[in-house]
Amino acid sequence: MEYSDQPPEFDFTHGPTEAERRAPSVFRNAVSDALKRPTKGGRKVLAMFEAQNPNGLVARWQRENGDLPETGAIREATDFLKKYGGRNCVRSWPTVTDLNDAIGVLEAALGDEPTEVKDVHWSDDELKACLIAYLEMLGKEMSGIDYSKSETNQILRDGPLKDRSKSSVEYRMQNLSAFFQEQGLPTIDGYKPAGNVGPSVLERLIRLHVEIGQVDPSDFAPSVDERTTRERSSRLRKAVREHVPAGNANPSRTERFGSSYVRDPAVVAWVLEQANGKCELCDADAPFLTPIGEPFLEVHHVTYLGKNGPDTTSNAAALCPNCHRKCHNSEDPELVRLELVQRIPRLTDHGSVAGA
Ligand SMILES: [Zn+2]
């Protein structure tokens with residue numbers, strides 16, 4: 001039997017019917033209570049019991065089948081589960097796999113539909129993806145630019161958070177509000193701070209925030225000024241390296257200021273990271289380094305914003321100044337656009353640039 005010294009970061013519940021399952025909030029409160037008094041084994045038991053109701057499962061088996069067998073899988077499973085409802089569970093938490101195995105044996109015997117306790121331990125990568133998405137939304141909110149929480153949630157679950165439910169991502173965002181509040185930073189309006197975040201998650205968030213360069217949310221704010229966008233994007237490079245920013249699908253509708261468009265610095269940063277100093281059209285090295293030693297390339301919207309192209313990574317390419325000029329001023333800009341769409345796999349065809 002494997003044990004871990006760390007309690008799982010649970011968000012799981014178990015019970016044969018919806019009504020018998022414990023609400024995640026009951027569990028979280030029990031866990032946070034248990035964590036405040038880690039030496040009191042009884043608290044851990046309470047948390048485990050509240051969450052899993054393992055004895056309920058054992059009791060049901062006994063109601064339906066009589067005495068427990070002396071040996072065998074059922075006996076092992078019930079022994080295991082009873083441990084977590086009893087006074088013996090004082091030193092360690094069971095692993096989720098062991099818990100699922102034991103629960104699975106009883107469920108199969110009772111003819112229940114199998115439920116699975118999910119190992120909700122969030123990986124650093126998952127937390128980081130949430131943290132960056134939070135900063136991105138916050139930056140936009142602070143500068144009064146439209147963004148969609150549910151779209152961001154979906155993008156996260158299409159990518160780095162593919163194993164998470166919509167509501168668990170939402171709850172993480174609320175945890176992040178609590179984290180930001182504690183750091184003395186602004187928070188997103190719609191995410192009420194939820195402070196039931198385990199101390200280990202808090203420590204990790206602090207470390208991850210440093211790891212991505214302690215990015216200020218305002219660096220995620222789109223700007224109409226090219227220089228500002230570039231400065232912000234250069235501070236975002238570390239943060240967006242592994243996480244595709246959402247960008248803005250409708251910049252022409254929502255973000256037009258005079259004759260210019262605001263641009264998302266996270267998109268610029270991500271595209272420059274991908275290009276890694278080489279023009280994505282002609283493969284030439286960037287012609288020079290910027291004052292902070294970054295290769296100079298320009299980020300071009302393949303279908304122009306003025307032609308309703310989105311400000312997203314699927315419509316942006318890093319180009320040397322020559323190629324950038326070629327996209328706008330050559331004899332046939334549409335031909336150049338098609339060449340780009342063909343050359344760069346991440347690009348989507350967002351429509352022609354032909355005509356005035
Ligand atoms: Zn080039």
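Consider D332 carefully, then state whether it is over 24 Å from K149 (Cα atoms) and within 13 Å of the ligand (Cβ to nearest atom).
Numbers: over 24 Å from K149 (Cα atoms): yes; within 13 Å of the ligand (Cβ to nearest atom): no.
No: the conditions fail for D332.
Of the conditions (1) touching a residue at least 60 places away in the same chain (Cβ under 8 Å); (2) more than 12 Å from the ligand (Cβ to nearest atom), L338 satisfies every one except a single condition; which number is it?
L338 satisfies all of (1) touching a residue at least 60 places away in the same chain (Cβ under 8 Å); (2) more than 12 Å from the ligand (Cβ to nearest atom) except (1).
Specify which of the listed residues (C327, C320) is within 12 Å of the ligand (Cβ to nearest atom) and at pLDDT 95 or above. Step through it out loud before you land on a result.
On the way: C327 fails: at pLDDT 95 or above.
C320 is the lone residue from the list that is within 12 Å of the ligand (Cβ to nearest atom) and at pLDDT 95 or above.
Just need a number here: residues in the range 315-354 that are among the small types (G, A, S) and buried (at least 19 other Cβ atoms within 10 Å of the Cβ).
Filtering the range 315-354 down to residues among the small types (G, A, S) leaves 316-318, 330, 351-352, 354.
Adding the requirement that they be buried (at least 19 other Cβ atoms within 10 Å of the Cβ) leaves 316-318.
Matching residues across the range 315-354 total 3.
Those residues that are in contact (Cβ under 8 Å) with a residue 40 or more places away in the chain and farther than 15 Å from T312 by Cα, I need them from the range 238-250; list them, please.
Of all residues in the range 238-250, those in contact (Cβ under 8 Å) with a residue 40 or more places away in the chain come to 239-240, 242-250.
If the condition is that a residue be in contact (Cβ under 8 Å) with a residue 40 or more places away in the chain and farther than 15 Å from T312 by Cα, then A239, E242 are the ones that fit.
Would you mention how many residues in the range 277-291 are in a loop (DSSP other than H, G, I, E, B), more than 30 Å from the chain's Cα centre (by Cα) and surrounded by fewer than 21 Cβ atoms within 10 Å (Cβ to Cβ)?
Residues meeting the conditions: 7.
Among residues belonging to the range 304-317 that are touching a helix residue (DSSP H, G or I) at 6+ places or on another chain (Cβ under 8 Å) and away from the ligand (no atom under 16 Å from the Cβ), point out the one that is farthest from P287 (Cα to Cα).
Selected residue: N308.
Might you let me know whether the range 258-276 holds any residue that is outside any loop (DSSP other than H, G, I, E, B), away from the ligand (no atom under 16 Å from the Cβ), touching a residue at least 24 places away in the same chain (Cβ under 8 Å) and farther than 22 Å from I344 by Cα? Before you say what the answer is, go through the steps one by one.
First, the residues of the range 258-276 that are outside any loop (DSSP other than H, G, I, E, B): 260-261, 263, 265-275.
Subsequent filtering for residues that are away from the ligand (no atom under 16 Å from the Cβ) retains 260-261, 263, 265-270, 273.
Checking which are touching a residue at least 24 places away in the same chain (Cβ under 8 Å) leaves us with 260-261, 263, 265-270, 273.
In the following step, the residues that additionally are farther than 22 Å from I344 by Cα were identified as 260-261.
Yes, the conditions are met somewhere in the range 258-276.
Is it true that some residue in the range 318-327 is under 23 Å from A246 (Cα atoms), outside any loop (DSSP other than H, G, I, E, B) and under 27 Å from the mean Cα position of the chain (by Cα)?
We begin by selecting, within the range 318-327, every residue under 23 Å from A246 (Cα atoms); these are 318-319.
After this cut, where a residue has to be outside any loop (DSSP other than H, G, I, E, B) as well, the list is 318-319.
Okay, now just the ones that are also under 27 Å from the mean Cα position of the chain (by Cα), so 318.
Within the range 318-327 (the criterion being under 23 Å from A246 (Cα atoms), outside any loop (DSSP other than H, G, I, E, B) and under 27 Å from the mean Cα position of the chain (by Cα)), the answer is yes, since at least one residue qualifies.
Among the residues of the range 150-193, write down those that are in a helix (DSSP H, G or I) and surrounded by fewer than 16 Cβ atoms within 10 Å (Cβ to Cβ).
To start, the set of residues in the range 150-193 that are in a helix (DSSP H, G or I) comprises 150-158, 166-182.
Correct list: S150, E151, Q154, D158, K166, S167, Q181, E182.
Among the residues that make up the range 288-298, is at least one of them of a type in the set (A, V, I, L, M, F, W, C), more than 16 Å from the ligand (Cβ to nearest atom) and out of contact with any Asp or Glu (no Cβ under 8 Å at 6 or more places or on another chain)? Quick ask: steps written out before the conclusion?
Filtering the range 288-298 for residues of a type in the set (A, V, I, L, M, F, W, C) gives 288-289, 292, 296-297.
Still in the running and more than 16 Å from the ligand (Cβ to nearest atom): 289, 292.
With out of contact with any Asp or Glu (no Cβ under 8 Å at 6 or more places or on another chain) added as a condition, the list becomes 289, 292.
Within the range 288-298, one or more residues are of a type in the set (A, V, I, L, M, F, W, C), more than 16 Å from the ligand (Cβ to nearest atom) and out of contact with any Asp or Glu (no Cβ under 8 Å at 6 or more places or on another chain).
The values are calculated or read from the model by the stated rules, or taken from the named source; none is laboratory data. Just so we're clear, the structure is a prediction, and the values are computed from it rather than from any experiment. Cβ sites come from the backbone with ideal geometry, for glycine too, and all protein chains shown count toward neighbours.
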